[in-house]
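Everything below concerns the one structure shown next.
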Amino acid sequence: MEEILATAQCPYCGVGCGLEIFKDKKGRIKIRGDKAHPATKGDLCLKPIPYPKVMDIGRVPAPLYRESKKDQFKEISWEEAFRIIAEKLKENQPDENYFYISGQLTTEDSYVINKFVKGFVGTNNIDANSRLCMASAVMGYKLSFGSDGPPASYEDIDDADAFIFAGSNAAWAHPVLFKRVLNRKKEFPDAKIVVIDPVYTATAEKADIWVDINPGTDTVLFNSILHILHKKGWIDYSFINKHTEGFMEAVKEADKYPPDVASKICGIKESLIYKLAEIYAFSKKVLSFWTMGFNQSSNGTMKNLSLINIHLATGRINEKGAPFSLTGQPNAMGGREVGYLVNGLPGYRDVRVEEDRKFMEKFWNAPNPIKEKPGLTIVEAVDRMIEGSIKLLWIVCTNPAVTMPNLNKFWRALRNTFVIVQDAYLTDSVDYANLVLPATQWGEKEGVMTGSDRTVTYNKPFREPPPQCRHDWEIFCRVAEKMGWKEQFSYSCSREIFDEYKKTTEGRLCDISDWNYEDLPKQWGGKWLYKDKKFPTPSGKAKFNRAEYTPPADRVEYPYSIVLTTGRTKKQWHTMTRTGKSHELLRDEAEPFIMLNEEDAFELGIFDNDYINVRSTRGQVYIKTKIGKIKKGVAFSPFGYGKIYHFPTNILVSDAIDPVSKEPELKFSAIFIKPKKKRIYRLAEEVYTKVRQTYPQMKNFLDEAVERGYRTLSVEGVEQIRGDILEDLTVKMKELIDLFINNPADWERATLLNEEIAQLYIKMKIQPHHQQSVSRSFKEAVKNIFDLDEETAKAWEYTHEYLAHGIFELVKKHYETEALKKSEE
């Protein structure tokens, strides 16, 4: 007979699926969907099903300690571990300590840790891995609506007729939500699904429209949509006048990007921009979903604002739709509610607001005032660790040694800092630790989590933890006791923490002040967070914002001429600490890969399943290739494969940050892939014959054709060509063509001419990817000067491309050598 052990929220993505944990007839612990859960009604994906089988694999065996990272770990007692931590914290000034926690902790864990750090240690140097995924979405909501918090519910899917997925592969990353969208499409076939992504993802496969946008240009796209909406009058002026402010400022910025301009920047057809504008203008109800493709960008906040501007301009809030940010982790929402980022305080409060600080100081009975200035974000803290002004880093329930950008730099910071790793498992981050603390995990402790739609679920434990483990909140309470703060951290169970935390939410947007564990699951804020269209801003109105586009930080120029974007695989989650231990989930995903566009792979001489070196200015990896459907000039690689697989992808990834949200640019990194097999260029005999036959009639005017070709050459980043360089190019290119026609065996002279012309190209700052522009310019000049039949014109075009290939090989070699020198410096 089956025995129901517990109900809980799934410990993986932010959808917040309700789970039922039970013992089957053979006594085996199993997991299935909880049909009574209001958010997901019994649906679930593959990831949580094998969870009970992997819970004990690779656990931290005991508190482990080494003063020097060169030493081996030794087991110590919990009492000794608490003493070491307390001594370190007392030795350091408050801001010499840093705390990096996780959206996988329970709300109670995060509340206690945030209280400990901001209220008692006396620093705001606490951040969470939400900084890497949700910070831009948080800022988008706050700047537009006055507060964090998604304004809609999953229930809105069931009557919507248009779904926009921007930078979201929901079919893999949020599968239960996407299944609900597909069910709606099945019930209402006229519903439209649009995917905006440079990768042809599993989500794009199910879409009606795939917008294969250039990475990093989403702000331009949505500004262009707003431009069209305004120009065509497809605007909800009644909503704008009653419920918003700042409309014309947003339009003024959007007018910089009419479709003819935006299409070039975004690398898409103008017609796609018009189609999106029509969907937003004329659909009954539009839901816009977005995740990391939007957020993980140095322009991430502006991307969020540009999308939200569209919803405000068309009145698409509540019954007409919503901008719906999908959360990446199971309790990133709960963490944001308790204020676990550098500026936050419980109940969506902010350290920069005096009233909020004073309330929490009194509520916590804090020994010192809470600091007004936000702490350093985790990416900003890396430089301080390297220089030594941050001396201690306490990592809780996350694995930044794999997930942080520019990993070589981050590993250097870890080596220079006293590192505490508090985790259930021996993760990659343990390699850099001085002290390792074994913690309990989901299924072994109670507490609440909040899903993407604001549904709070109570997680009941279904088994006893290993004897060496302690709850995360309990560890911090014991250290607080050693620091002399026992009275303020005297909790005996999770419920006591919840009962304290919920009081901080009274009268706030996320008010759960009269809730108990027994009331859960339950959604705060109701179906629509702003049901009366009143917003928590000074004016009570939502705010349009100027969404200003800035290009990504990495410059895409040879040899770093391919853009790497990153993401997840279908069955793995984050750094695979648990999913990677399941044989069922590893099937077909057993090793990392980089996906290349078919044309790019052909030009590089790379085939499916080849192993290649990939380099950025930050490091290099050796990785398997897949050839797939992805925009030309873009590559994709999953980020979650750790050091056991030899080369984590984030070695390559940019650590540039958004100036507002401070979220790093994990989705845009310029990379260099050295050609694996050289392509051999040969000119067909019939082409060569045709060129030789027509050469006499062209000879007298060839210098003019070459000169005009270069004079009319238009290449991004190349200014007008100097007269002396143009003269040299004309002379040498004409000589090369003459040599090719009349004395093709003179390889020595041909080689010298190639080198001289290549040097002139380099002086002009012409990049290898400009080769097509050069050939096109020559072709147009020949066409304008000579009256040639199509076959002969083609023969001359092929000849120029053939000669240009040898020159550009030398140009490539120059830029490769220069880039290598810089990276070694």
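The values are calculated or read from the model by the stated rules, or taken from the named source; none is laboratory data. Nothing here was measured: the structure is a model prediction, and the numbers come from that model. Here the Cβ is made from the backbone with ideal geometry for all residues, glycine too, and neighbour counts use every protein chain on show. Side chains included, ligands, DNA and RNA excluded: accessible areas come from the protein's heavy atoms. Shrake-Rupley method; radii C 1.70, N 1.55, O 1.52, S 1.80 Å.
Taking a ≥ b ≥ c as the square roots of the eigenvalues of the Cα gyration tensor of the range 542-650, is the shape rounded (a/c under 1.5), prolate (a/b larger than b/c) or oblate? Judged from the Cα gyration tensor, the range 542-650 comes out oblate (a/c at least 1.5, b/c at or above a/b). Straightening the chain between Ser513 and Leu182 buys 115.5 nm, computed as 0.36 nm per residue apart minus the Cα-Cα spacing.
Is the C-alpha gyration tensor of the range 118-208 telling us rounded, prolate or oblate? Criteria: a/c under 1.5 is rounded; beyond that, a/b larger than b/c is prolate, otherwise oblate. Prolate shape, in that a/c is at least 1.5 and a/b is the bigger ratio. Only bridges whose two residues both fall in the chain count here: according to DSSP, what percent of them are antiparallel, nearest 5? So the antiparallel bridges in the chain amount to around 45 percent. Using 0.36 nm per residue and subtracting the Cα-Cα separation, the extra length available between Lys23 and Ile644 on full extension is 220.2 nm. Put simply, when 37-48, 228-239, 622-633 are sorted by average Cβ atoms within 10 angstrom per residue, most first, you get 37-48, 622-633, 228-239.
Partner lysines whose Cα lies under 21 Å from the Cα of Lys25, excluding those fewer than 8 positions away in the same chain, are identified as Lys35, Lys53. Entry note, the chain: relative contact order of 16 percent, from Cα contacts under 8 Å with a spacing of 6+ residues.
Taking the 1.4 Å solvent-accessible surface of the range 616-678 as the whole, the part contributed by carbon and sulfur is 61%. In the chain, the longest principal axis of the Cα atoms and the axis of helix 790-824 are about 50 degrees apart.
With both labels modelled 7 Å from their Cα along Cα-to-Cβ, the Lys252 to Arg32 distance reads 6.1 nm.
In the full protein context, the chain carries 40 Å² of accessible surface per residue, based on a 1.4 Å probe and ignoring ligands, DNA and RNA. Across the range 195-233, the residues whose backbone nitrogen lies under 18 Å from the label position 7 Å along the beta-carbon direction of Lys629 are 195-214.
Taking the Cα centre of the chain as origin, sum charge times position over the Cβ atoms of Lys and Arg (+1) and Asp and Glu (-1), and report the length of that vector in debye to the nearest 20.
The calculation lands at about 1340 debye.
Whole angstrom only: what separates the Cα centroid of the range 38-112 from the Cα centroid of the range 210-272? Computed from Cα coordinates, the inter-centre distance equals 45 Å. Taking the charge dipole of the chain about its Cα centre, with +1 at Lys and Arg Cβ atoms and -1 at Asp and Glu Cβ atoms, the residue from Thr575, Ser513, Ser298 reaching farthest to the positive side is Ser513. Pick the calculated Cα extents along the principal axes in Å for this structure from (1) 86, 67, 52; (2) 97, 68, 57; (3) 106, 63, 58? Computing Cα extents along the principal axes in Å and matching it to (1) 86, 67, 52; (2) 97, 68, 57; (3) 106, 63, 58 gives (2). Over 24 Å apart at the Cα level, from the set Lys763/Lys813; Lys74/Lys391; Lys391/Lys822; Lys70/Lys643, are Lys391/Lys822. Look at the Cα gyration tensor of the range 728-810: its axes a ≥ b ≥ c give a/c of at least 1.5 with a/b at or below b/c, and that counts as oblate. Cysteine residues of the chain whose Cβ has no partner cysteine Cβ closer than 4.7 Å: Cys13, Cys45, Cys133, Cys266, Cys397, Cys469, Cys477, Cys493, Cys510. Taking Cα atoms only, the orientation of helix 685-711 departs from the longest principal axis of the chain by about 70 degrees. Placing a label point 7 Å from the Cα of Asn92 along the Cα-to-Cβ direction, the residues of the range 98-138 whose backbone N falls under 17 Å from that point are 98-102, 113-129.
For the pair the range 769-817 and the range 580-634, the centres of their Cα atoms are 31 angstrom apart. Just the protein heavy atoms count here, and of the accessible area of the range 536-594 at 1.4 Å, carbon and sulfur take up 51 percent. Peptide packing: for 429-435, 770-776, the average count of neighbouring Cβ atoms within 10 Å per residue gives the ranking 429-435, 770-776, highest mean first. Measuring r between the beta carbons of Ser68 and Asn368 and using R0 = 30 Å, the FRET efficiency lands at 0.35.
Normalised by the number of residues in the range 60-101, the average gap of Cα pairs under 8 Å and 6 or more apart makes the relative contact order 27 percent.
Heavy atoms only, probe 1.4 Å: what % of the accessible area of the range 411-522 goes to carbon and sulfur, would you let me know?
It is 42 percent, rounded to a whole number.
Placing pseudo-labels 7 Å out from each Cα toward the beta carbon at Asp738 and Glu387 gives an inter-label distance of 6.1 nm. In terms of the mean number of neighbouring beta-carbon atoms within 10 Å, the peptides 556-562, 503-509 order highest first as 556-562, 503-509.
Cα-Cα over 29 Å: which of Lys206/Lys531; Lys47/Lys185; Lys571/Lys632; Lys320/Lys571; Lys41/Lys185; Lys358/Lys534? Beyond 29 Å: Lys206/Lys531; Lys320/Lys571.
Taking the longest Cα principal axis of the chain as reference, the axis of helix 378-387 is set at about 90 degrees.
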